[in-house]
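Q: Structure below; questions to follow.
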Amino acid sequence: LTTCSSKDYMANELFIVEGDSAGGSAKKGRNPRYQAILPLRGKPKNTTDVEDEKALLGNLEIATLISTIGAGFNDDFNIKNIHYGKVIIMTDADDDGSHIQSLLLTFFYNHMKPLIETGHVYIACPPLYRVYNGKGKEIYCYDDKELQEAIKAIGNGYKVNRYKGLGEMNYSQLSQTTMDIEHRKLLKVNIIDDEDAHDKVNIFLGKDSDRRKDWIENNIDFNVSDTFTAEVAKNEK
């Protein structure tokens, strides 16, 4: 953990970052006064069916999270004791990053639910693309629609960087696009329907693989293709 200096806990932010590479960039690009960085050295434990306290604390990532946030867990959780007003999950925009994000949200939902219910959990939104030319003009894009608009704005001679991981950005780019309070985009995690949330967590992270397979087969179309993104990939440098 790289701590921050402020004692104003509600103003403080904890960035949970995937890996040492992104963690190093985040440490250099943070505001040291109120932004703390916690790099994960491995994937957190799937806590969907974990009730035993020793099993929970036996996972280094989970034990470190509990200690860092400072409010305890399960029945001993006390929201008044949190050390950070925002707990921000910042992972790569790939399958591994999505998996880590899901495991962290599952842990918070199962063992620190008030942290979500009181609006303290967020997901960072790093850009997916950087469109630029040789004249110093650049635009960061967070989805394919913005990418199309940026290409039109840049015009002929455009080039595209596609960020597959946080480590592909230098610290100033990561700071500017994903951490700087004036420019970043954050998603606040809310529980709209607790019964539905509980059901979905158990479908996606629970031990019943047959139920998960049935849901996937009935809800996911694997034949959808993104021809625009494939075309843009030809211009990536």
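Q: Do you know which of the residues in segment 19-70 that are part of a loop (DSSP other than H, G, I, E, B) and farther than 28 Å from LYS207 by Cβ is nearest to the chain's Cα centre (by Cα)?
A: Taking segment 19-70 as the starting set, the residues that turn out to be part of a loop (DSSP other than H, G, I, E, B) are 30-34, 41-52, 58-59, 70.
Next cut, farther than 28 Å from LYS207 by Cβ only: 30-34, 70.
Values: ARG30: 16, ASN31: 18, PRO32: 20, ARG33: 22, TYR34: 19, GLY70: 20 Å.
Across segment 19-70, the extreme among qualifying residues is ARG30.
Q: Is at least one residue of segment 189-211 in a strand (DSSP E or B) and closer than 30 Å to GLY24 by Cα?
A: Taking segment 189-211 and keeping what is in a strand (DSSP E or B), we get none.
Within segment 189-211, none of the residues are in a strand (DSSP E or B) and closer than 30 Å to GLY24 by Cα.
Q: Filter segment 199-217 down to the residues that are under 22 Å from HIS120 (Cβ atoms) and touching a residue at least 40 places away in the same chain (Cβ under 8 Å) and list them by number.
A: Scanning segment 199-217 gives VAL201, LEU205.
Q: If the Cβ limit is 7 Å and pairs must be 6+ apart or interchain, which residue in segment 165-190 that is over 14 Å from VAL17 (Cβ atoms) pairs with which residue that is of a type in the set (Lys, Arg)?
A: Listed by first residue and then by second, the contacts come to THR177/ARG184.
Q: Find the residue count for segment 8-48, including only residues that are closer than 17 Å to ILE100 by Cα and exposed (fewer than 14 other Cβ atoms within 10 Å of the Cβ).
A: Applying the first criterion (closer than 17 Å to ILE100 by Cα) to segment 8-48 yields 14-23, 37-48.
Remaining after also requiring exposed (fewer than 14 other Cβ atoms within 10 Å of the Cβ): 20, 41-42.
Residues in segment 8-48 being closer than 17 Å to ILE100 by Cα and exposed (fewer than 14 other Cβ atoms within 10 Å of the Cβ): 3 in total.
Q: Among the residues of segment 78-96, write down those that are assigned to a loop (DSSP other than H, G, I, E, B) and modelled with pLDDT under 95. Please lay out each step first, then the result.
A: Start the filter on segment 78-96 by keeping residues that are assigned to a loop (DSSP other than H, G, I, E, B), which leaves 78, 82-85, 91-94.
Hits for segment 78-96 are THR91, ASP92, ALA93, ASP94.
Q: Any idea which residue in segment 65-102 is most open to solvent (accessible area, probe 1.4 Å), counting only those that are of a type in the set (Asp, Glu) and closer than 21 Å to ILE37 by Cβ?
A: This residue is ASP96.
Q: Of the residues in segment 187-209, how many are buried (at least 16 other Cβ atoms within 10 Å of the Cβ) and within 18 Å of the chain's Cα centre (by Cα)?
A: 3
The values are calculated or read from the model by the stated rules, or taken from the named source; none is laboratory data. Note that the structure is a prediction, hence the values are computed from the model and not measured. Positions of Cβ are backbone-derived with ideal geometry, glycine not excepted, and every protein chain shown enters the neighbour counts. Please note that ligands, DNA and RNA were not included when accessible areas were found on the heavy atoms of the full protein model with its side chains. Shrake-Rupley method; radii C 1.70, N 1.55, O 1.52, S 1.80 Å.
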